[in-house]
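A short worksheet on the structure shown next.
What follows is calculated from the coordinates using simple rules that are stated; it is not laboratory data. What you are looking at is a predicted structure, and each value in this text was computed from that prediction instead of being measured. Please note: Cβ atoms are built from the backbone with ideal geometry, for glycine as well, and neighbour counts cover all protein chains shown.
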Amino acid sequence: MVVATTDGRAFYELVSLLRRIGVPFSAHLPWEQFQATLVLTTRGEMVAEGDRNILYYEDMTGDDVIDSAMILSSASRGREELLVGVDPGRRIGVVVHYKGILVHEGVYGNPAAVASLLRRLLALRANTRTLKVGFGNPGMAYAIIREASDLLGDYVLELVDERNTTGGGMRMRRDVEAALRISRRRGWAIDA
């Protein structure tokens, strides 16, 4: 991955995001010769395209979740699918897969925060969007579904048996790991 720009603000924001999400990159001037699977640049400094993937700074949203999904998935040739796994509970574990790549994981404190994330994820182009919600805590699962009810036309909703999804380890990490396991299981499709 290469950041190729002379625009100071674009360079700073792109490099900061890449560092936050732990993606290795190199920096080049736009007119230099280099090889890369993905080039991050500005529209005014377009580099010769050839067979490269190019992501423009102007297309970034300022939302770390959406922008990291765009960057991580740009190098992927996967199908345009969005998959969200949710482990309901006091701490709600959430994982997001886009084009087959894990692009976000986090722990949320309430159903409204999860619904807000689901709304933001609509900005990503996807042929299918699937929301898999664990059903080990039915009250919290229904609270999340109620909070996101206006979005259920955009997502395929599946309820997943979450037995044996929560392992040991640190408390916050455990919720994310459970959400990851939920996202990988087959659920029961629910008509919204």
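Hey, if you drop one equal point scatterer on each alpha-carbon of the range 49-138 and run the Debye formula without solvent, what base-10 log of I(q)/I(0) do you get at q = 0.23, 0.24 Å⁻¹? Relative scattering, expressed as log10 I(q)/I(0), comes to -1.19, -1.26. Scanning the chain for trypsin sites (Lys or Arg not before Pro) lying in DSSP loops with no more than 11 further Cβ atoms inside 10 Å, the longest uninterrupted stretch between such sites is 1-76. Computed from Cα atoms, the angle from the helix 111-121 axis to the main principal axis of the chain rounds to 40 degrees.
Taken over the range 81-190, the alpha-carbon convex hull comes to 88 cubic angstrom per residue.
Computed extension gain for Asp63 through Ser149, at 0.36 nm per residue and net of the alpha carbon distance, reaches 28.7 nm. Taking the C-alpha atoms only, the angle from helix 64-74 to the longest principal axis of the chain is near 70 degrees. Based on alpha carbons, the Rg and Dmax found for the range 2-60 are 10.4, 29 Å. For the pair Gln35 and Ser116, label points projected 7 Å from Cα toward Cβ lie 4.4 nm apart. The list (1) 35, 16, 14; (2) 59, 21, 12; (3) 33, 21, 14 gives values of semi-axes √(5λ) of the Cα gyration tensor in Å, and only one came from this structure; which label was calculated from it? Of the labelled values, this structure produces (1). Taking the longest Cα principal axis of the chain as reference, the axis of helix 171-184 is set at about 90 degrees.
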